[in-house]
Amino acid sequence: MTAPNSSWLIEEFCAFQRTLALRTAIEMDLFTRIGAGANTIRALAAEAGASERGLRILCDYLTVQGHLFKRGARYSLTLNTRLYLTTASPAYLGSAVKFLASDSAVAAFCQLRPAVERGGPESLDLDWTQYARWMAPLAEPVASFAAATLIVDTTKPIQVLDIAAGHGLYGLAIAERHRAAHIFALDLPQVLEIAVANARRAGVAERYHPISGDALEADFDGPYDLVLVANFAHHLDQAANVRLFKKIRAALKRGGRMALIDFIPNADRVSPAPDAAFALSMLVASARGDVYTFKEYSHMVRAAGFRQARRLKKGDFGRWMIIASR
């Protein structure tokens, strides 16, 4: 048995410093600048227009945290920072910090105790345009996996409804793989502007059809072969999800499918860790939302009238997907 050690507690108490230091480095493009050759404090100060003292302390801290290497007076990138945090990399993910660690996100967690006491936030301050603008790179691999899994026959035209489309990547991944697929994207008008711009960049704008409205209120039209519900059900309580799933079922063709893509913890609600931990985000960011187990989703899906639901377990992202057939 090892002796007690309180050092972990100091690290936990100061964990917010790691987040804000990394956010600052991304906002100042420090990783990109170092990767491009500005690898001394003097060179960085000239490039970034910042103080040498401030940059020295920040870069040393980033080195301590494993985001940089330092040799003498020169800094260099780790494999992860070069791949994910330099804007020159096609795998760049740094933009997500602008949503996940935004001032409003940090402020929401500063109100965690009242949220625990009330069972939810006092008020909601979510900017879905920021979500659509900055979170797309994180969604891309999951969207690609979903498209590869959900498309059965690329020779038949299909109609796809993307609920709360956001950046639109889930529907766009299907449109890029399936040249006869038409995507109908439902979201708020200001969010749809971003999704439509992404459709233009992807070269599928002629097959991308925005529908402005609230998912719980809007007319879905249809009928559709496939309805996508990606990272939306966790914002609703179970009763609201049943109402949403009933609307989706009514909008599907006979034999059509609904694809749920979301965090899905195990029955113990503490594993897998990323899925289970996401519930805390819902506590501060949603009045009634939560993460739901596969059993809970199965009950909701059956209550909505779907004949069967199955969870994908193949592939890296299969644990996040549930398919319900009409």
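The table below lists the values:
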read-out	value
Among (1) among the small types (Gly, Ala, Ser); (2) in contact (Cβ under 8 Å) with a residue 60 or more places away in the chain; (3) outside any loop (DSSP other than H, G, I, E, B) - the single one Ser298 does not satisfy	(2)
All positions within segment 20-35 that are among the acidic types (Asp, Glu) and out of contact with any Lys or Arg (no Cβ under 9 Å at 6 or more places or on another chain)	Asp29
Verdict on Val152 being outside the structural domain of Asn241 (by TED's automatic domain parsing), surrounded by fewer than 16 Cβ atoms within 10 Å (Cβ to Cβ) and hydrophobic (A, V, I, L, M, F, W, C)	no
Extreme residue, surrounded by the fewest Cβ atoms within 10 Å (Cβ to Cβ), among residues of segment 61-73 that are within 18 Å of Glu27 (Cβ to Cβ) and not hydrophobic (A, V, I, L, M, F, W, C)	Gln65
Candidate set from segment 158-192 (those that are without any contact (Cβ under 8 Å) to a residue 40 or more places away in the chain and part of a helix (DSSP H, G or I)); member that is nearest to the chain's Cα centre (by Cα)	Leu169
Search result, residues across segment 29-86 that are at positive phi and more than 30 Å from the chain's Cα centre (by Cα)	Gly37, Gly49, Gly72
Contacts under 9 angstrom Cβ, first residue in segment 227-254 being more than 18 Å from Ser298 (Cβ to Cβ) and at pLDDT below 95, partner of a type in the set (D, E, K, R) and not in a helix (DSSP H, G or I), 6 or more apart	Arg254/Arg326
Filtered residues of segment 279-311 (kept if within 22 Å of Lys246 (Cβ to Cβ) and of a type in the set (Val, Ile, Thr))	Val291, Thr293, Val301
Residue match in segment 312-322 (condition: within 13 Å of Phe245 (Cβ to Cβ), surrounded by 15 or more Cβ atoms within 10 Å (Cβ to Cβ) and of a type in the set (Lys, Arg))	no
Positions within segment 260-295 being surrounded by 19 or more Cβ atoms within 10 Å (Cβ to Cβ), among the β-branched types (Val, Ile, Thr) and assigned to a loop (DSSP other than H, G, I, E, B), in sequence order	Ile264, Val291
Every residue from segment 300-309 that is buried (at least 16 other Cβ atoms within 10 Å of the Cβ) and over 11 Å from Met258 (Cα atoms)	Met300, Ala304
Total residues in segment 232-259, condition within 14 Å of Gly305 (Cα to Cα), assigned to a strand (DSSP E or B) and either of a type in the set (Gly, Ala, Ser) or in contact with a helix residue (DSSP H, G or I) (Cβ under 6 Å, 6 or more places away or on another chain) (or both)	3
Residue within segment 8-29 that is at pLDDT below 95, farther than 17 Å from Tyr61 by Cα and either not assigned by TED's automatic domain parsing to the domain that holds Thr86 or not polar (S, T, N, Q) (or both) present	yes
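The values are calculated or read from the model by the stated rules, or taken from the named source; none is laboratory data. Please read these numbers as outputs of a predicted model, since none were measured by experiment. Don't worry about glycine lacking a Cβ; one is built from the backbone with ideal geometry, like all the others, and counts go over all protein chains shown.
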